[in-house]
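Only the coordinates and a few stated rules stand behind these numbers; no lab work does. Everything numeric in this text was worked out from a predicted model, so none of it was measured. So basically every Cβ, Gly included, is an ideal-geometry build from the backbone, and we count neighbours across all protein chains shown.
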Amino acid sequence: MKKILLAALVLSSFAANAAYIDEGFACDSTDHLIELSEAWNQNDMATIQKLVVAGECDTIHEHREVIGVMNPGNGYVVFRFEDTDKTGVTLTKFLKDY
């Protein structure tokens with residue numbers, strides 16, 4: 001009984017505070033996220049444009065709810081966008097209410 005109550009409490013706390021991104025970028029893989037981050041640090045606009053045009057990375061400028069957040073502890077998180085169920089990867093600093 002205690003385990004059921006504990007599980008219900010944990011699940012309800014996730015539902016109350018939905019994680020979201022409202023400003024930042026997301027990519028479809030960690031490799032693309034690393035490539036984008038390195039290009040950003042080097043001000044390499046050609047690489048950034050290549051990743052965005054190919055649909056491998058995207059900038060986010062609006063509130064987007066995310067679910068299924070996994071944090072491997074390396075400065076990035078893996079998640080699914082709630083509205084499209086598409087998997088994404090972003091830097092931990094862009095994820096809010098997590």
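Put a dot 7 Å past the Cα of Asn43, heading toward its Cβ, do the same for Asp83, and the two dots end up 3.3 nm apart.
Full extension of the chain segment joining Glu65 with Ser29 gains 11.1 nm, where the gain is 0.36 nm per residue of separation less the Cα-Cα distance. Count neighbours as other Cβ atoms within 10 Å of each site's Cβ, and list the trypsin sites (Lys or Arg not before Pro) in the range 10-98 that are DSSP loop with at most 15 such neighbours. Sites meeting the loop and neighbour criteria: Lys86. With each label modelled as a point 7 angstrom along the Cα→C-beta vector, the Lys96-Val52 pair spans 2.1 nm.
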